[in-house]
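Chemist: Right, I'll just put the structure down here and ask away after.
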Protein chains: 2
Amino acid sequence: MLSGGFLLGAGRHGQRSQGAPEEMTMRLTTLFGRTMREAPAEAEQIGHQLALRAGLARQLQAGSFALMPLGMLALRRIEAIMHDELARIGAQELRTPIIQSSDAWERTGRYADYGPLMLRVADRSGRRLLVAPTHEEAIADLARREISSYRQLPALVYQIHTKYRDELRTKGGLMRMREFTMLDAYSLDADTAGLDLAYRAVGAAFERILARCEVRSVAAEASAGEMGGSETVEYHVRSAAGEDQLLTCAACGHVANAEVSLADAGGRCARCGGALLAAQTIEIGHIFKLGTRYSDAIGARYQSAAGREQPIVMGSYGIGLERLLLAILEQHHDGAGIVWPREVAPLDLHLVPVGRGARARQAAEALYEDLLRAGARVLYDDRDEAAGVKLADADLIGLPTRLLLSERLAEAGQIEVRPRGGVARDVELERWRGAAV
Amino acid sequence: MLSGGFLLGAGRHGQRSQGAPEEMTMRLTTLFGRTMREAPAEAEQIGHQLALRAGLARQLQAGSFALMPLGMLALRRIEAIMHDELARIGAQELRTPIIQSSDAWERTGRYADYGPLMLRVADRSGRRLLVAPTHEEAIADLARREISSYRQLPALVYQIHTKYRDELRTKGGLMRMREFTMLDAYSLDADTAGLDLAYRAVGAAFERILARCEVRSVAAEASAGEMGGSETVEYHVRSAAGEDQLLTCAACGHVANAEVSLADAGGRCARCGGALLAAQTIEIGHIFKLGTRYSDAIGARYQSAAGREQPIVMGSYGIGLERLLLAILEQHHDGAGIVWPREVAPLDLHLVPVGRGARARQAAEALYEDLLRAGARVLYDDRDEAAGVKLADADLIGLPTRLLLSERLAEAGQIEVRPRGGVARDVELERWRGAAV
């Protein structure tokens, strides 16, 4: 980072961090969202059950959830990874409206095509509005207004924003939310060679995002559906409760969504004749080469270096954030609860004093204050609950490191440090505090 | 910060920053959003004109704007200040749905009260939905499900999320957006003494947020309107184009929204008889003591320490982010463009090579690479434009520090550093690069 005030000057709040909140710490007595021993009966998927039991999310109505503070912290960490990886490929964040006029949608034909999946509204003057299920029309419309010359291309933009799809089925819990958060990116290029580059760059960024979230995914050939376009890949994660089916050829390794006819008439791989294996999956991302379908319909054109008017060549790229969160839970848990991947854990440390003695509690309070000053991300279980309850909640919430203080440990000047799912060891509290502060 | 791997371990991406994007840098040739010499005629307010001219925002339909990358960067910096100040008072972020069932709204009576300001929708099965203009019902409903005991109180939660109000007039541009971003916080307390504490804490946090955005505001007595509740204060900023009118007593200093009858029959201060001064303003924030109106209607109750069922006592607190952005522009500009307050500037540095020589351009490219590696937040004007165009754009966009490289400066191994609106000075490039990297 820049080394001093010479360049940036000392702002009015120059002493303070200007990025993330400084005090990402929480006492469990103040945490909004309680843990539950049992998930509600309607939660069928393990990831959904864990989200409810650990207090990450709550259903408010059919297909509609509130993200509670612990779930929101995890979502913000996923977003930070997305911002980081997209900045690396030069993508710029913007934000387009959720409630949109039907005009551009009528021009692309999707006002009719989308059917009941799209909510339609009339405003006070009877004008036709809709709640956007995706944003290709808005981006093409913005490009039409903003871009006139080849000198303004290529452009690569994205947003992390709310979308709504009036899904028929809402049994899937967090997997099939009507209102959900999406990272949607859009590339604007002068030609298909530019689109090829953007498509590869965003695909690679998406794969790095999934890798940093420690989600094992598979890229599959897919059909473009109502989106249109020439080439498309879906990112799937395996889940017994998934609603998609992927076919993988045991011989050539080709993977496709079962909607795409990978099988020949005999039910073997259409490419090589190999045997096909089926797996249930959840789709968490999708990338499309759109071409000029949207720019043609909406009139998003630019003037080429040779002075010709040409349509902008578009690509569209999306990842569903709640589905990604669900996939993380599905892939990172044990019998006791969540085992958060380090980079997306809501907080890093779970501080637990146990027993009725005053010494453990005092040592925990002092340590909590130290950690707070040091800027650590810590959840402090300051409740008057039995040790069994506290330890079960620590396993259920599943933060990467548990710090345990008992009366015996406090008297010996020690603390037990246990990585979630790993082996505990006692270390000297003073030495540990020194390292932390 | 924590000093090493002992505590947090070395994650798979331990070497990388885990917070904000690392590469907050941009070449102007790739920036989505161009500057304009003149604002469109319909933009009447200076803040709105500057937002359009500097490429921060674009109108997409009546009352509906896209935030372009530079505007989005400023919005994210405002959000970071909000997260920071709210974390300091122990508030926890959550997220509730925008599209809501009408059920809770019918119980509080606001489904009827809100009238045409609220968009109403039917889903595919004919169920009544709405696009939420505010979230008291959702929070009370969540509290009803989540809170059962006094031990879970107090709670203080917030979200930064999209709202929609179908405003009749949309001439106000960014001031009167139909779809807008709001910081809305909600306090849940066991009694009015708790509400009083929360109300003061959030009010103080809001004032710190406005101070860090360097917005001069005034707190005014207001009427609760359709929100209900016992005590309420509005935060206003002066603007000739504002749609509110504040009255200030020249004698006792009391300030009130003109909707509140501050004047006695003779048009003088009802409190002290002093003369009243009127000013046009924009409301950017509002805090309410709601009491039990929403929890009574929705059944959000808790069991007290004495075992009695009692309604949760609520408060509601909001700041409009686009209005705050507009207020910043209104209060921080000169004849040439925006003069960003340091903590909300989209980027910190504007690097401008001028002239046709190769040396200035080469020095600028090298410096840009250094700044990029150092994690500086820099906009690099790499266009082939005349010096006058580039310098006019630098003033218009208004980042805090302009770095200018001419052929003469580059030959002398120097760079011109000019704070926006301040005095330029030439410094040695090598020394400056050393400080930056």
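Results for (1) over 30 Å from B:Ala51 (Cβ atoms); (2) within 14 Å of another protein chain (Cβ to nearest Cβ), shown as yes or no for each residue.
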position	(1), (2)
B:Ala270	yes, no
B:Gly285	no, no
B:Gly318	no, no
B:His332	no, yes
B:Asp348	no, yes
B:Arg356	yes, no
B:Ala360	yes, no
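Chemist: Can you pull out every residue in the range A:8-31 that is more than 9 Å from chain B (Cβ to nearest Cβ) and at pLDDT 50 or above?
Modeler: A:Leu28, the sole residue that qualifies.
Chemist: Could you list all residues from the range A:143-165 that are more than 21 Å from A:Ile89 (Cα to Cα), in contact with a Lys or Arg (Cβ under 8 Å, 6 or more places away or on another chain) and facing chain B (nearest Cβ under 8 Å)?
Modeler: Of everything in the range A:143-165, those that are more than 21 Å from A:Ile89 (Cα to Cα), in contact with a Lys or Arg (Cβ under 8 Å, 6 or more places away or on another chain) and facing chain B (nearest Cβ under 8 Å) turn out to be A:Arg145, A:Glu146, A:Tyr164.
Chemist: Does B:Ala241 satisfy being at pLDDT below 90, more than 21 Å from the chain's Cα centre (by Cα) and either more than 21 Å from B:Gln159 (Cβ to Cβ) or within 14 Å of chain A (Cβ to nearest Cβ) (or both)?
Modeler: The answer is no for B:Ala241.
Chemist: Further question on the same structure: Consider B:Ile89 carefully, then state whether it is of a type in the set (A, V, I, L, M), touching a Cys at 6+ places or on another chain (Cβ under 8 Å) and either more than 8 Å from chain A (Cβ to nearest Cβ) or on the phi > 0 side of the Ramachandran plot (or both).
Modeler: Spelling it out, it is not the case that B:Ile89 is of a type in the set (A, V, I, L, M), touching a Cys at 6+ places or on another chain (Cβ under 8 Å) and either more than 8 Å from chain A (Cβ to nearest Cβ) or on the phi > 0 side of the Ramachandran plot (or both).
Chemist: Then there is this: From the list B:Asp381, B:Asp348, B:Asp393, which residue is among the charged types (D, E, K, R) and over 25 Å from the mean Cα position of the chain (by Cα)?
Modeler: Just a single option satisfies the conditions, and that option is B:Asp381.
Chemist: Looking only at residues in the range B:166-179 that are crowded, with 21+ Cβ neighbours inside 10 Å and more than 10 Å from every other protein chain (Cβ to nearest Cβ), which one is modelled with the lowest pLDDT?
Modeler: Applying the filter and picking the extreme gives B:Met175.
Chemist: Kindly evaluate A:Arg145 against the criterion of being over 23 Å from the mean Cα position of the chain (by Cα) and in a helix (DSSP H, G or I).
Modeler: So A:Arg145 fits the description; yes.
Chemist: Now for a separate question. Whether any residue in the range B:127-145 is open to solvent by 10 Å² or more (accessible area, probe 1.4 Å) and farther than 30 Å from B:Leu197 by Cβ is what I want to check.
Modeler: yes
Chemist: Tell me which of these B:Val313 doesn't satisfy, since it passes every other one: (1) surrounded by fewer than 22 Cβ atoms within 10 Å (Cβ to Cβ); (2) touching a Leu at 6+ places or on another chain (Cβ under 8 Å); (3) at pLDDT 90 or above.
Modeler: (1)
Yes/no per residue for (1) in contact with a helix residue (DSSP H, G or I) (Cβ under 8 Å, 6 or more places away or on another chain); (2) in contact (Cβ under 8 Å) with a residue 40 or more places away in the chain:
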position	(1), (2)
B:Thr108	yes, yes
B:Ala122	no, no
B:Ser125	no, no
B:Ala132	yes, no
B:Ala193	no, no
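Chemist: Here's something else I'd like to know. Read through the list (1) crowded, with 24+ Cβ neighbours inside 10 Å; (2) outside any strand (DSSP E or B), then give the number of the only condition that B:Leu188 fails.
Modeler: Status for B:Leu188: all satisfied but (2).
Chemist: So, one more: State the number of residues belonging to the range B:371-395 that are of a type in the set (D, E, K, R), closer than 21 Å to B:Arg408 by Cα and assigned to a helix (DSSP H, G or I).
Modeler: Residues flagged as of a type in the set (D, E, K, R), closer than 21 Å to B:Arg408 by Cα and assigned to a helix (DSSP H, G or I) within the range B:371-395 amount to 1.
Chemist: To continue, here is another question. Does B:Thr134 satisfy being facing chain A (nearest Cβ under 10 Å), outside any helix (DSSP H, G or I) and among the hydroxyl-bearing types (Ser, Thr, Tyr)?
Modeler: Criteria not met by B:Thr134.
Chemist: Considering only the range B:52-117, give the helices (runs of 4 or more DSSP H) lying wholly within it that have at least 2 residues that are open to solvent by less than 20 Å² (accessible area, probe 1.4 Å).
Modeler: B:69-88, B:103-108
Chemist: Additional query: Could you check, for the range A:337-352, whether at least one of its residues is assigned to a helix (DSSP H, G or I) and open to solvent by less than 10 Å² (accessible area, probe 1.4 Å)?
Modeler: yes
Chemist: Basic (Lys, Arg), under 24 Å from A:Gln152 (Cβ atoms) and open to solvent by 20 Å² or more (accessible area, probe 1.4 Å): is that true of B:Arg425 in this structure?
Modeler: No, not satisfied.
Chemist: Of everything in the range B:32-51 that's part of a helix (DSSP H, G or I) and closer than 22 Å to B:Arg165 by Cβ, which residue is nearest to the other protein chains (Cβ to nearest Cβ)?
Modeler: Filtering first and then ranking leaves B:Ala51.
Chemist: While we're looking at this one, here's another question. Return the total of residues in the range B:62-86 being out of contact with any Leu (no Cβ under 9 Å at 6 or more places or on another chain) and at negative phi.
Modeler: Total satisfying the criteria: 9.
Chemist: With respect to A:Gly194, determine if the residue is among the small types (Gly, Ala, Ser), open to solvent by 10 Å² or more (accessible area, probe 1.4 Å) and on the phi > 0 side of the Ramachandran plot.
Modeler: no
The values are calculated or read from the model by the stated rules, or taken from the named source; none is laboratory data. Since the structure is predicted, the reported quantities are computational estimates derived from the model, not experimental observations. Heads up, the Cβs are rebuilt from the backbone with ideal geometry, glycines too, and the neighbour counts pull from every protein chain shown. What goes into the accessible areas is simple: the full protein's heavy atoms, side chains included, and nothing from ligands, DNA or RNA. Shrake-Rupley method; radii C 1.70, N 1.55, O 1.52, S 1.80 Å.
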